[in-house]
Amino acid sequence: MSDALEQAPDPVHQAVQRYAQMQPEIQLVADQFVAMVTEMLDDAGINYVSVTGRAKSVASFAGKAARTVDGVPLYADPLNDITDQIGVRVVTYLQGDVAAVADLLSGEFSVLDDRDLGQETALAGRWGYASRHLLVTLADEDVDPAYAHLRGRSASVQVRTILQHAWAEFEHDVRYKGSVPAADVSELDRRFTLAAGLLELADREFTAIRDRLQAGVAGQDLEAVDDDPRISGPDLAAFLSAHFQDAGWSRTDHYSWISGLLLELGITSLDELAGLLGSIDVQGINERMGYRYPAGAVRRLDDVLLAVFGPRYIGLHGNSHRVESLTARLEKVRPAQA
């Protein structure tokens, strides 16, 4: 009897072996989640720095699976209980964009858990690690056929600003290497806390700069460059900031992209674009779309152009990669026929 007990398989060892076999497939799933989240952010016109993903390493899984509390395994069923096997990280420029990304994900996925660790730290009266963590899974309804195979999969998504990301990565790197003498640990903690406070202040200042710039462009007279038929990206960005003052900035390359669409439509000046926007019910479009997140300026213009030009807009060369999604959106963006 005792020999049989001694030879009983170790559940942690079994889980780690099984995970090692599954890990290459999980990495492919992680890549698909990255592609899906990137597509969602681009479609929403939300500004971001990067979207990356990874499958948890076998070593990291093994270390987590072996954790105990008072001698009791923390994860009774590691393969099901460890929920960050697939990790996605979205890095933004501004704190407001973190909230926009979280709102977008909440509308597109089923959210199993949502923790704002920066807010938790602040409520404790401290400065330190700040990041929004969401555990999401693909909902059964409204699933893009290209990602239908991801139903039932979950992913841990971290959303943070670029300054929060820099702090977290450096702090993790220093502590992971463990090269700080014990006598210096308290001083190290104090300095990391000070740096976290300064970066929070910098995040707020960057937001104030953005808000000031958006408010300041309203009265500017902007013209496109004479030798280029397209409206320049910077001019279009300033124009849209003034016209859609409640919208966030979009990615820099998205302004150039939609400027090309405007050129295909024969709109080559800001005066022409202003005349178009002034002739339609933009607020009505906003209400029909019912954005569940703060849509970026380029997405707002995209919906206006779709509402005005309909199938002609969908058929533009620059939209060839998203005909299906634009066709579905057209039914929503246009008012119902009486």
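Annotations for the structure displayed:
- Region 67-136: relative contact order as a whole-number percent, Cα under 8 Å and 6+ apart: 25
- Accessible carbon and sulfur surface of region 73-156 relative to its total accessible area, %, 1.4 Å: 47
- Sparse-neighbourhood loop sites, GluC sites (Glu not before Pro) in region 52-148 - DSSP loop, at most 11 other Cβ within 10 angstrom: Glu141
- Per-residue ³J(HN,Hα) for region 32-39, Karplus 6.51 cos²θ - 1.76 cosθ + 1.60, θ = phi - 60°, Hz, x for Gly and Pro: 5, 5, 4, 4, 5, 5, 4, 4
- Estimated 222 nm signal from helices in the chain, with DSSP H stretches of n ≥ 4 weighted -39500 (n - 2.57), rounded to 500: -17500 deg cm²/dmol
- Directionally averaged shadow of region 230-328, computed from the convex hull of its alpha-carbon atoms, nm²: 5.9
- Using only the C-alpha atoms, the convex hull of the chain corresponds to 193 Å³ per residue.
- Equivalent ellipsoid, region 296-338 (semi-axes from 5 times Cα gyration tensor eigenvalues, Å): 16, 13, 9
- Gaussian network model of the chain, springs between alpha carbon atoms under 10 Å - residue of Ser259, Ser57, Ser279 with greatest fluctuation: Ser279
- Highest to lowest packing among 43-50, 298-305, 126-133, 283-290, scored as the average C-beta count within 10 Å: 298-305, 43-50, 126-133, 283-290
- Listed residue (Gln85, Pro73, Gly63) projecting farthest to the positive dipole end of the chain, Cβ model: Pro73
- Long-range HN-HN contacts of Ser250 with modeled amide H, under 5 Å: Ala297, Val298
- Amide H contacts under 5 Å for Asp114, placed H, 5+ residues apart: Leu135
- The separation of region 302-332 from region 90-152, counted between C-alpha centres, amounts to 28 Å.
- Using Cβ point charges alone (K and R +1, D and E -1), the dipole size of region 1-138 about the Cα centre works out to roughly 400 debye.
- Taking Ser320, Ser186, Ser232 in turn, the Gaussian network model of the chain (Cα-Cα springs below 10 Å) assigns the largest fluctuation to Ser186.
- Over the chain, relative contact order from alpha-carbon pairs under 8 Å, at least 6 apart, %: 16
- DSSP beta bridge pairing in the chain, given as percent antiparallel to the nearest 5: 75
- Stretching Ala122 away from Glu169 to a fully extended chain increases their span by 15.0 nm, per 0.36 nm per residue minus the current alpha-carbon distance.
- Kirkwood-type hydrodynamic radius, region 1-134: 17.3 Å, calculated from all non-identical alpha-carbon pairs.
- Scalar couplings 3J(HN,Hα) for region 52-59, obtained by applying the Karplus form with A = 6.51, B = -1.76, C = 1.60 to θ = phi - 60°, are 10, x, 7, 8, 4, 5, 4, 5 Hz; x denotes Gly and Pro.
- Stretch gain in nm, segment Glu324-Arg312, where the contour uses 0.36 nm per residue and the Cα spacing is subtracted: 2.9 nm
- Residues with amide H under 5 Å from that of Thr92, placed H, sequence gap 5 or more: Val49, Arg160, Thr161, Ile162
The values are calculated or read from the model by the stated rules, or taken from the named source; none is laboratory data. Predicted model only: the values in this text are computed from it and were never measured. In this analysis, Cβ positions are derived from the backbone assuming ideal geometry, glycine residues included, and neighbour counts consider all displayed protein chains. In case anyone asks, the SASA skips ligands and DNA or RNA and just uses the protein heavy atoms, side chains included. Shrake-Rupley method; radii C 1.70, N 1.55, O 1.52, S 1.80 Å.
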